[in-house]
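*Asks:* One structure is given below, represented as structure tokens, and several questions about it will come after.
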Amino acid sequence: MNTASTAQKRADIWKLTMTAMLSAIAFVLMFFEFTVPVMPPFIKMDLSELPALLGAFAMGPVSGVMICLIKNLLHLLMSTTGGVGELSNFLLGACFVFPAGMIYQKWKGKKSAILGALAGALLMAGVSIISNYYIVYPFYYNFMTKEAILQAYQAIVPGVKGILECLVIFNTPFTLVKGLLSVAITILIYKPLSPFLKGTYRNR
């Protein structure tokens, strides 16, 4: 086996290892969720997309999507939503990290990383309306009536009149902020972590 193929094999093994490790971290982060005062109590914030965004930057957009998939498959083992929540979480996470990784992969640099991540956060926020309206909330209606959910939103802003309006006013900004938090943290920690994530620290 020549040196080039050996190096490529090692790089592939490292990539698989890092994808698995970041997936495990993302899975753990799903449990560190917290409520936000301006949102109904059944909507919670977590930063489980952060490892996937790091992976998308370091190893490409497909790795980022794989991290989103694996963390949700792991969470599916203890799901209380019959896979509905995990499906929505995967779709939104993929919408977030794939564009970010694609843009950064094409134009390397801090500006492209920020622009890519912002584009992903905006896409995730927009898709969250569709995901919640057609996937998540119809499942919630089995346990909590549509009227009760609407009342939870109206307790914060009395003027809202329907679930779709609530999703636009509440959930879309909430999802965008969730993405932006991951973007901000990634920008702060990516550069020092990059050699480890890519495995290049071993060649120093």
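*Asks:* Restricting attention to region 20-45, report how many residues are out of contact with any Lys or Arg (no Cβ under 7 Å at 6 or more places or on another chain), open to solvent by less than 20 Å² (accessible area, probe 1.4 Å) and within 23 Å of residue 194 (Cα to Cα).
*Replies:* 1
*Asks:* Select from region 100-113 the residues that are open to solvent by 60 Å² or more (accessible area, probe 1.4 Å) and part of a helix (DSSP H, G or I) and write down the one among them that is modelled with the lowest pLDDT.
*Replies:* Here the residue is 110.
*Asks:* A further question on this structure: Does region 21-72 hold any residues that are touching a residue at least 60 places away in the same chain (Cβ under 8 Å) and in contact with a His (Cβ under 8 Å, 6 or more places away or on another chain), and which are they?
*Replies:* Listed by number, the list is empty, since nothing qualifies.
*Asks:* Just to be sure, is residue 80 open to solvent by 60 Å² or more (accessible area, probe 1.4 Å) and farther than 22 Å from residue 32 by Cβ?
*Replies:* For residue 80, the condition - open to solvent by 60 Å² or more (accessible area, probe 1.4 Å) and farther than 22 Å from residue 32 by Cβ - is not met.
*Asks:* Something else about it: Filter region 137-155 for residues that are of a type in the set (A, V, I, L, M, F, W, C) and farther than 21 Å from residue 37 by Cα; which is modelled with the highest pLDDT?
*Replies:* That would be 139.
*Asks:* Looking only at region 141-182, how many residues end up being hydroxyl-bearing (Ser, Thr, Tyr), surrounded by 13 or more Cβ atoms within 10 Å (Cβ to Cβ) and free of Cβ contacts under 8 Å to residues at least 24 places away in the same chain?
*Replies:* Matching residues across region 141-182 total 1.
The values are calculated or read from the model by the stated rules, or taken from the named source; none is laboratory data. Remember, predicted model here, so these are calculated numbers, not experimental data. Reconstructed Cβ throughout: ideal geometry from the backbone, glycine too, with neighbour counts over all protein chains shown. The area values use the complete protein model at the heavy-atom level, side chains included, leaving out ligands, DNA and RNA. Shrake-Rupley method; radii C 1.70, N 1.55, O 1.52, S 1.80 Å.
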